[in-house]
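Inspection log for the structure reproduced underneath, given as structure tokens.
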Amino acid sequence: MNLYAVKYSLGRAWMYSLLSFGLWTGYWFYVTRKLFDGETGRGRDDAILHTLGVYVPVLNVFILYWLYRDLSELRRRVGLSELPVAGYVVGGVFLQPVLYSIALGKVNEFWDARTQGLATEAPTPGAEKAVIAVGAAFWLLFVLFAILLTLLVAFSSSTSS
């Protein structure tokens, strides 16, 4: 097992996010938050609370701030440029897909610097596969519901004529 298998490619992130109805980003957030908690050395282990909090309006702004603040600090520790944290938070609220893509690159850049170039693509463990499967099931249910609703509307329109 490669201890430095911590990076996620942008293609993987987008593909799994779309396939999982967006649930994969929660998985990524949890894993990344847990790793950052370990790296900052503050003795925190609140990754699950932060992950759940990302889905709570207003609280999610604070949680994004804490994530980007810690990423900025960790980047500074390894000699990389700090992030404009406030800008990332505002972008994360209003331009989430764009900022997520940029932030993912900054996280991967941190891991490359932190491991002196030894960071590699993270494996796809069972938990990640389960998140993708559950999200894909939501997609299937969504599509089936849309088809059913369309058929019901079409049927009710044809019978009322």
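The values are calculated or read from the model by the stated rules, or taken from the named source; none is laboratory data. For clarity, every value in this text was computed on a predicted model and none was experimentally measured. Backbone-built Cβ (ideal geometry, glycine too); neighbour counts: all protein chains shown. Just so you know, the surface numbers come from the protein's heavy atoms only, side chains and all, with ligands and any DNA or RNA stripped out. Shrake-Rupley method; radii C 1.70, N 1.55, O 1.52, S 1.80 Å.
Being open to solvent by less than 50 Å² (accessible area, probe 1.4 Å) and free of Cβ contacts under 8 Å to residues at least 60 places away in the same chain is the filter here, so list the residues in the stretch 12-24 that pass it.
Ser17
Would a scan of the stretch 77-85 turn up a residue that is at pLDDT 95 or above and assigned to a helix (DSSP H, G or I)?
There is at least one residue in the stretch 77-85 that is at pLDDT 95 or above and assigned to a helix (DSSP H, G or I).
Taking Ser17 as the residue in question, decide whether it is among the polar types (S, T, N, Q) and under 10 Å from the mean Cα position of the chain (by Cα).
yes
When the stretch 18-36 is examined, which residues are found to be touching a helix residue (DSSP H, G or I) at 6+ places or on another chain (Cβ under 6 Å) and of a type outside the set (A, V, I, L, M, F, W, C)?
Ser20, Thr25, Gly26, Tyr27, Tyr30, Arg33, Lys34
Just name the residue that is farthest from Ile102 (Cα to Cα) out of those in the stretch 1-37 that are in contact with a Phe, Trp or Tyr (Cβ under 7 Å, 6 or more places away or on another chain) and not in a helix (DSSP H, G or I).
The selected residue is Phe21.
Considering Leu144, Leu152, Leu118, Leu148, which residue is open to solvent by 60 Å² or more (accessible area, probe 1.4 Å), under 23 Å from Trp28 (Cβ atoms), among the hydrophobic types (A, V, I, L, M, F, W, C) and over 18 Å from the mean Cα position of the chain (by Cα)?
Leu118
Within the stretch 48-59, count every residue that is surrounded by 13 or more Cβ atoms within 10 Å (Cβ to Cβ) and modelled with pLDDT under 95.
So the answer is 1.
Could you say whether any residue in the stretch 96-106 is open to solvent by 30 Å² or more (accessible area, probe 1.4 Å), without any contact (Cβ under 8 Å) to a residue 40 or more places away in the chain, of a type in the set (Val, Ile, Thr) and in a helix (DSSP H, G or I)?
Yes; the residues of the stretch 96-106 include at least one that is open to solvent by 30 Å² or more (accessible area, probe 1.4 Å), without any contact (Cβ under 8 Å) to a residue 40 or more places away in the chain, of a type in the set (Val, Ile, Thr) and in a helix (DSSP H, G or I).
Taking only the stretch 38-59 into account, find how many residues are assigned to a helix (DSSP H, G or I) and either in contact (Cβ under 8 Å) with a residue 12 or more places away in the chain or of a type in the set (Ser, Thr, Tyr) (or both).
Number satisfying all stated conditions: 6.
Can you confirm whether Arg76 is open to solvent by 70 Å² or more (accessible area, probe 1.4 Å), free of Cβ contacts under 8 Å to residues at least 12 places away in the same chain and among the charged types (D, E, K, R)?
Yes: the conditions hold for Arg76.
Counting just the residues of the stretch 79-95 that are open to solvent by less than 50 Å² (accessible area, probe 1.4 Å) and free of Cβ contacts under 8 Å to residues at least 12 places away in the same chain, which one comes out farthest from Leu10 (Cα to Cα)?
Taking the candidates together, the pick is Gly87.
Report, by residue number, each residue of the stretch 1-26 that is more than 20 Å from Val78 (Cα to Cα), among the hydroxyl-bearing types (Ser, Thr, Tyr) and touching a Ser or Thr at 6+ places or on another chain (Cβ under 8 Å).
Passing the criteria: Ser17, Thr25.
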